[in-house]
Every structure is written in C-alpha cells, then in structure tokens.
Amino acid sequence: MTLSLNIKNLNKSYGNKHALTQVNLQANSGEVLAVLGKNGAGKTSLIQSVLGLHTYQADCLEILGEKQANHTRSQHLKSRIGVMMQVGSLNASLKVYEQLDLFSSYYPTGLSAEKLIEKFKLENIAQQKFGKISGGQRQQVLFAIAVTGNPDLLFLDEPTVGMDIEARFQLWQQVEQAKAVGASIVLTTHYIEEAERLADRVAILSDGSILKQGTLQEVIGEHDSLESAYLEFITQNRETSTSESTHA
Amino acid sequence: MHNQNIYLKESYYDLLSLWRTPAFFLPAILFPVVFYVFFGIVFNMSSGHAEYMLVSYACFGMMGPSMFNYATAVASDRAHGWLTLKRTSPMPLSAYIVAKFFSSLVFAACIALILFVVSAVFANVQLWPWQWVSLFIILLLGTLPFALIGLLLGLCLSDKAAPALVNLIYLPMAFLSGLWMPISILPDFVGTIAQWLPAYHYSQLAHAVIGTDQGQSLLLHVTYLVAFSAAMLAVVAWRFQRMSK
C-alpha cells in the first residue's frame, strides 16, 4: 500500500483567523479516508490547500509521491487528481453530454463522454441542460466529471449533500468502485453513516485541528459507534478550549 | 495536439453557451445596429455622416461584447464554483481566457458585418475593399483592451455587480470618446478627457481608415492601446495571484 497523500504540519489562515492548525494527515492508495467535521471545521479549507487553490504553510505536502514546494500544482499532477467540490456547479446552458465532453478533453487518457454516460447511467439526462436537472442528478454529473481522468487520488467534498437516499446509495457504490480499482479517496463529510459505510480510515477535524485519526476501528475504540466516538472527541475538545480560554 | 484539443473544445463550448443566452447576444448585436439606423441613417445630416457614424457605432458595438462577455461570464463562473472546478483540472488557465476572447471576437465580427451590410445597403456607404478589410481587422484587434477590462472586472466583482459596473464604465467611456457624437462638437474638456481613454484611441485608429480621424499620429494611438493592454494584463495577473491567497 503506497502513501498517496502525506501532510505534515499544515497551517492556513485567512487574515487573523486560523482555518487550519498543525494538520497532519495521511491517505493510502486503495483506501477511503473520511474527514469528519461539522460545517466550518476546516474541511473545505483543507481540500483547497491540498489542491493548491490558495496559499498555506506546511512542513511537508506530498501528493502522489510528488513533493509540493508551493501552492502551484503541475498539469501532470492535476491530470492524476479528480475533484468534486462542495459548491460545485457547471455552466447551466450546456447539456450534460457537452459538459462531460468538455471535461474529457482536459485529460490525455480520460474517459469519453459516451463512456461516462454509460458508466454512470446518465442516458436519460445526457441531452438536458445542466441548469434543468435536479440537485441529485447534478451531483451525479459532478461525480462523473471528478472521475473523468481515471484519477489516482479523488477528493470528494461533501458529495452527497442534497441527495435523496437512492441517489446517495448509488454514489456510495460508485465511490466503492473507484476504490476497488486502486484510487485513493479523500472524502469530507458531516454524515457519520457515510463515513462508517465508506471509510477505511477516519480523521476528526474540529476548529481547524485534527482531534483523532486512524482506522475506523481505531477511532471507534472503546465506543459503541463512530457517532459516539465523534461526539466525545468534539465535547472533550470544546471543554479543553473553554478551560484554556478561561485560564487565559 | 492534446492541448490544442482543449483550446478548441473550450472555445466551441464557450461560444455555444453564449449562443444559448439570448439575453446576452440579442442586446449586444441589436444595440449598435439600432443606434446606427437611427443616428447614422434616419438622421443623416450631411454627406459623409453615414460613414462617420458607421465607424463610431462599430467601435461602440465591438467594445460591448468584449467587456460584457468577460465581466459577466467570469464573475458568474467564479460565483458558481465553475472556475474553481476548472482550476483543479489539468486545463491550462489560458484556454479559459482564450476561449472567452474567441467568443467575444465572433460576436464582434457578427456586429461589424451586420453594420457593414446595413450601411452599404441602406445608407449607400461606399468604401474601397481595402478600407472594409482594414476597418474590420482594426475593429476586431482593437477589442483586446476592452476584453481585459472585462476580465479584470469579472475577477474582482460579484456576478450581480459586474453587469452594472460594466455599464457604468462602458456608456460614459463611449460618450466621452466621441462614439455617440463627434468629439469636435463636444466641449473642449471632453476632448482632454478622451485622450486618456482607450475607446478614443481605438476609434481614432478606425476613423483613420476612412480619413475622419482627428489627425493625430497613428503611432500614438497604437502605443496607447498597447501600453494600456500591457498595464491591464499586469493587473489581471496580480488579481489571479490574489485569488490564491
């Protein structure tokens, strides 16, 4: 098993506000790493830092074996990464087929639009404009786009938000398929059951810091479930922060 | 070959997307034509008036799509996360920018050709073939500084604010550069302001083709437009850098 993502002491601030503090995180190929945290915990900042969408400070950031000296990512590296953003949208006036055809052209060995439509069963919406399809269908198209380049590393930022149960289940199956062919998947979510279902490893992020990480079993530890483990780590962290600020 | 395909697809789909947005292309094409019909043909006051107005309204019409397409489309792509998604893909950012410029050029070319036909058929404008061709080329190439203004606005403003601010810049700049009324009949201070506006130098280059310019050096106009474009390009590059902070 190879390390596809290795982050050491990553910090990100927006002005005086610390979004990420001393984040250490590893993801392996063929595994799903679920980053759990409530809204505003820093999940999206973390993904955006790794993708080089903004500046950050880190002792080490290695993606697919390539050490990143700054926030610029090479075209070659980008062609090995797939991304589904939390607030992802596409040009509303282009049809689904056209969106897939456009993104397919970005990757030298990407799947064709026809293949993607077949693979993700998008035939009934292929000729509809993106602006006219439902929220769940949009998420499916965005997922198809994320895997267009057969990525070795796939980032899914809250992929099932707004999806109905059936669409969510379908997307989970697609994530499992991507994992089965050896892709490393970094999934941010605030749905505990999603992390329990998909994750091999879990990291709990709160107020920009990793509170706990390890295999699903390691994180659950002595607790009954991931949910109770998560709630305890969050509560402990809150109590520590409160007592520190009281002493200060 | 692969990168070439990205540029082609990006340009094709950008154009297709604009074509499917009548709210953009109908006013962009109709505005200058309607203005020209009224002020260049219906109120034709003197000989040479239709030719003069053809050049002025062609400049006015070409600036619009360049500024609006960039400003509104880039602001909207930013607001909806579409630009962020593209930045995570292996698509070169230049393909995105070139595609938008290509779409603007296609619309600008349509506007110029429609105006040329309307002026020749309804106002009996007669130019030498080299004049039609030169005018067409100058009109198209001269849209670059306006496209860069639009790009900068698109990178700085929200999708709701962008169209309003483009209008606030576009319409006064057109008036102060003598695109609605000849600069010679406007107060002197307007002429002084015009010297600092890209639209004035752009229109003067176009007017020089039919001999209706103010008689200044063509090199002055070209130098101004090149320097203005270079400055805008530097600000745009700075803005792109700031987006990654």
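Convert 4 °C to kelvin, take the viscosity as 1.567 mPa s, use the Kirkwood radius over C-alpha pairs of region A:26-98 as Rh, and evaluate the Stokes-Einstein diffusion coefficient in µm²/s, rounded to a whole number. Roughly 89 µm²/s, to the nearest whole number.
Could you work out how far the C-alpha centroid of region B:198-245 sits from that of region B:160-184, in angstrom? A separation of 15 Å, based on Cα centres.
Here B:Val222 and A:Thr235 are evaluated by their C-beta separation; at R0 = 60 Å the FRET efficiency comes out at 0.30. What separates the Cα centres of region A:107-171 and region B:21-89 is a distance of 36 Å.
Legend: calculated FRET efficiency, B:Gln131 to A:Ala92, from the Cβ-Cβ distance at R0 = 41 Å, rounded to 0.05, equals 0.45.
The label point for B:Ala109 and the one for B:Trp19, both projected 7 Å from the Cα toward the Cβ, are 1.3 nm apart. How high is the relative contact order of chain A, given as a whole-number percent (alpha carbon pairs under 8 Å, six or more residues apart)? Across chain A, relative contact order equals 26 percent.
Rounded to the nearest 500, the helix-only mean residue ellipticity at 222 nm of chain B stands at -26000 deg cm²/dmol, with each DSSP H run of n ≥ 4 adding -39,500 (n - 2.57). Interface of A with B. Using a 1.4 Å probe and counting protein heavy atoms only, the two chains hide about 2600 Å² of accessible surface, both sides summed. Measuring nothing but how far apart in sequence close Cα pairs (under 8 Å, 6+ apart) lie, relative to its length, chain B scores a relative contact order of 25 percent. Rounded to the nearest Hz, the phi-derived 3J(HN,Hα) couplings of region A:210-217 under the Karplus curve 6.51 cos²θ - 1.76 cosθ + 1.60 (θ = phi - 60°) are 7, 8, 7, 8, x, 5, 3, 5, where x marks glycine and proline. With the simple model of a label 7 Å out from the Cα in the direction of the Cβ, B:Leu233 to A:Ser228 spans 6.5 nm.
Its Cα gyration tensor gives region B:138-245 an equivalent ellipsoid. The semi-axes, each the square root of 5 times an eigenvalue, are 27, 16, 11 Å from largest down. If you take the alpha carbon atoms of region B:1-117 and fit the smallest convex hull around them, that volume is 100 Å³ per residue. As an equivalent ellipsoid, the protein assembly as shown spans semi-axes of 53, 24, 18 angstrom, where each value is the square root of five times an eigenvalue of the C-alpha gyration tensor, largest first. Over the Cα atoms of region A:1-149, the radius of gyration divided by the Kirkwood radius equals 1.01; this is the Rg/Rh ratio. Can you figure out the FRET efficiency of A:Glu218 with A:Glu118, using R₀ = 41 Å and their beta-carbon distance, to the nearest 0.05? Using R0 = 41 Å, I get an efficiency of 0.55. I'd like the distance between the alpha-carbon centres of region A:184-248 and region A:25-78, rounded to an integer number of Å. Result: 19 Å between the Cα centres. Residue by residue, region A:60-74 carries 3J(HN,Hα) couplings of 7, 9, 10, 10, 6, x, 9, 6, 9, 7, 8, 8, 8, 10, 6 Hz when phi is fed to the Karplus relation 6.51 cos²θ - 1.76 cosθ + 1.60 (θ = phi - 60°); x denotes Gly or Pro. In this rough spin-label picture, where each label sits 7 Å from Cα along the Cβ direction, the B:Val117-A:Met1 distance is 6.7 nm. Please state the shape class of region B:1-60: rounded when a/c is under 1.5, otherwise prolate if a/b exceeds b/c and oblate if not, all from the C-alpha gyration tensor. Cα axes put region B:1-60 in the oblate bin.
Under 1.5 on a/c is rounded, so check that first for region A:152-217, then, if it is not, pick prolate when a/b is larger than b/c and oblate when it is not; a ≥ b ≥ c are the square roots of the alpha carbon gyration tensor eigenvalues. Since a/c reaches 1.5 but b/c is at least a/b, the shape of region A:152-217 is classed as oblate. Calculated accessible area for region B:1-144 comes out at 42 Å² per residue, all protein chains present (probe 1.4 Å; ligands, DNA, RNA ignored).
The mean of 1/r over all distinct Cα pairs in region A:182-248, once inverted, gives the Kirkwood hydrodynamic radius of 12.9 Å. Note on chain B: the C-alpha convex hull projects to 14.1 nm² when averaged across all orientations.
Peptide B:18-30 shows a mean partner chain C-beta count of 1 within 10 Å per residue C-beta.
Per residue, the solvent-accessible area of chain A (1.4 Å probe, heavy atoms of protein chains only, all protein chains present) comes to 44 Å².
Each peptide in A:62-75, B:89-102, A:43-56, B:29-42 receives the mean, over its residues, of other Cβ atoms within 10 Å, and ordering these scores from highest gives A:43-56, B:89-102, B:29-42, A:62-75. Residues within the reach of a label modelled at B:Asn5 (point 7 angstrom out along Cα to beta-carbon, backbone nitrogen below 16 Å), restricted to region B:85-116, are B:90-92.
Counting Cβ atoms of other protein chains within 10 Å of each Cβ in A:71-83 and taking the mean gives 3.
For the protein assembly as shown, with all protein chains in place and a probe radius of 1.4 Å, 61% of the accessible heavy-atom surface sits on carbon or sulfur.
The values are calculated or read from the model by the stated rules, or taken from the named source; none is laboratory data. If you're wondering where the values come from, they're calculated on a predicted model, not measured in any experiment. FYI the Cβ positions are ideal-geometry reconstructions off the backbone, even for glycines, and counts take in every protein chain you see. Just so you know, the surface numbers come from the protein's heavy atoms only, side chains and all, with ligands and any DNA or RNA stripped out. Shrake-Rupley method; radii C 1.70, N 1.55, O 1.52, S 1.80 Å.
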